[in-house]
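See structure below.
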Amino acid sequence: MSMGAPDLRIGTSGWNYPTGRGTWNGVFYPPSRGRAKGFDELSFYAEHFNTVEVNSTFYGQPRPDVARGWADRTPPGFEFSIKLYQKFTHPNMFKEAFTKGVPPSGDTGGRGGQEKAGGLQNRDALLDALARPNQADLDEFRRGIDPLASAGKLGALLAQFPPSFKDGPASRDYLSWLLEAFADYRVAVELRHSSWSDAIGDTLSLLSPFGSAWVQIDEPKFRFSIRQNFLPNVQGVYYLRLHGRNAKQWWHHEKPEDRYNYLYSAPEVTEFAETVDAARRLVSKLYLYTNNHFSAKSVANAAMIKKQLGEPLEGEYSEEFLTKYPELAGFAKPLARKG
């Protein structure tokens, strides 16, 4: 295939991790108490990478004023890839959030119980209806991301489905509807159940006509995990997410952040650098996001991949960061000390 140099973008999933044992404060960012007045995490992050994946929009619809602030605080050419609101991909999670604090339905014996059961059935039917995305949801999401699109800073939309989302007629119909609804955008679809890779031809036939990238993911593999070959499925865009390989704490952990407590080794980083190098010869745009965010390990691995690909390492890194990740010593620029 003959094409110009691809637009290669490497960054992390999220930039704000202020709490927990895996905080970025005092590692990638200065400690909170030691920050200069007006320190802005996003602006600092954007000195180092040309893209970021936004996960906060999964938990609430994007807001135009917030998106406008993101655009204003980043340099020209910076791009945000936006995860779709959970209602579009995780209806059960949406229902759980919607009914938080409401007693669950249970055994309702007797006549009074039967009347109560009828009411609960009506409630469940109403919840199912509320959890189905509609035109108003689509319009609200579009309005929320429009400031980024207008500023030329909108990357891809990430539709990340849960492992329970299996291949089947209803799932295909829904995914086709979703891709049609967002046909005006660059969309990347993360499928995690093995049924989709078992029917790889059908899955590609569903995604490719929309120009949608099948997200390639690296994470611990289990019985029903999707299997992928890391090859692009469309020429327009390639999307790779690295979640880490912390199999021991993937399903059983004290805190959710523990799942992402994994640093890819230099040989493992080489795997992905070679994958990206091969893929960028076949596509016009490529996104790679590291999601192993515990203690800014995602920052270290993203920088290591950039280095292996011969990409410039912009920005400065603190002494604490370079001490914690000596793999970057010698080619990452130390943060200049003031005073």
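So who's got an amide H within less than 5 Å of the one on LYS285, skipping anything under 5 residues away but keeping other chains? H placed 1.01 Å off N, in plane.
Sorted by chain and number, the residues that satisfy this are ASP7, VAL237, TYR238.
What angle, in degrees between 0 and 90 and rounded to the nearest 10, separates the Cα long axis of helix 135-150 from the longest principal axis of the Cα atoms of the chain?
10 degrees
What spacing in nm lies between the two simple spin-label points modelled at ALA136 and ALA336, each 7 Å away from Cα in the Cβ direction?
Here the answer is 5.3 nm between the modelled labels.
First select every other residue whose beta carbon is under 13 angstrom from the beta carbon of SER225; then total the charges, Lys and Arg +1, Asp and Glu -1.
Charge balance in the 13 Å sphere: +2.
Give me the net charge of GLY244's neighbourhood, meaning all other residues with Cβ under 9 Å from the Cβ of GLY244; Lys, Arg count +1, Asp, Glu -1.
On the way: positive: ARG245, ARG259, LYS297; negative: ASP218, GLU219.
The answer is +1.
Give the separation of the Cα centroids, the stretch 63-90 to the stretch 131-182, in Å.
Cα centres, the stretch 63-90 to the stretch 131-182: 14 Å.
How large is ³J(HN,Hα) for each residue in the stretch 12-21, as worked out from phi by the Karplus curve 6.51 cos²θ - 1.76 cosθ + 1.60 (θ = phi - 60°), to whole Hz, x for Gly and Pro?
After applying 6.51 cos²θ - 1.76 cosθ + 1.60, I find 10, 8, x, 9, 10, 10, x, 10, x, 5 Hz.
Relative to the longest principal Cα axis of the chain, at what angle does helix 110-131 sit, 0 to 90 degrees, rounded to 10?
Long axis of 110-131 versus the principal axis of the chain: about 40 degrees.
Once Cα extents along the principal axes in Å is worked out from the coordinates, which option in [x] 68, 38, 32; [y] 67, 60, 36; [z] 77, 53, 42 does it equal?
[z]
Go through the stretch 284-292 residue by residue and turn each phi into a ³J(HN,Hα) via Karplus (6.51, -1.76, 1.60, θ = phi - 60°); whole Hz please, and just put x for glycine and proline.
9, 9, 9, 10, 10, 10, 9, 10, 7
Quick check: the distance between the Cα centres of the stretch 262-339 and the stretch 230-258, to the nearest angstrom?
The distance from the Cα centre of the stretch 262-339 to that of the stretch 230-258 comes to 16 Å.
Whole-Hz ³J(HN,Hα) for each residue in the stretch 171-188, computed from phi via Karplus 6.51 cos²θ - 1.76 cosθ + 1.60 with θ = phi - 60°, x for glycine and proline: what do you get?
After applying 6.51 cos²θ - 1.76 cosθ + 1.60, I find 5, 5, 4, 5, 4, 4, 4, 5, 5, 5, 5, 10, 5, 7, 10, 7, 10, 10 Hz.
What's the FRET efficiency of LYS37 with SER208 using the Cβ-Cβ distance as r and R₀ = 56 Å, to the nearest 0.05?
0.65
Set the Förster distance to 30 Å, then compute FRET efficiency between PHE222 and SER56 from the Cβ-Cβ distance, nearest 0.05.
Efficiency at R0 = 30 Å is approximately 0.65.
Take ALA266 and ALA329, extend 7 Å from each Cα along the Cα→Cβ direction, and tell me the distance between the two endpoints in nm.
1.2 nm
Just list whichever of LYS87/LYS255; LYS166/LYS221; LYS87/LYS166; LYS255/LYS297; LYS221/LYS248; LYS248/LYS307 have alpha carbons separated by over 20 Å in the model shown. Present the calculation step by step, with values, prior to reporting the outcome.
Values: LYS87/LYS255 24 Å; LYS166/LYS221 16 Å; LYS87/LYS166 17 Å; LYS255/LYS297 17 Å; LYS221/LYS248 11 Å; LYS248/LYS307 29 Å.
Those over the limit are LYS87/LYS255; LYS248/LYS307.
Just so you know, all these numbers are worked out from the coordinates, no wet-lab data involved. The model shown is predicted, which means the values in this text are computed figures rather than measured ones. When we count neighbours, we look across all protein chains shown, and the Cβ atoms used for this are built from the backbone with ideal geometry, even at glycine.
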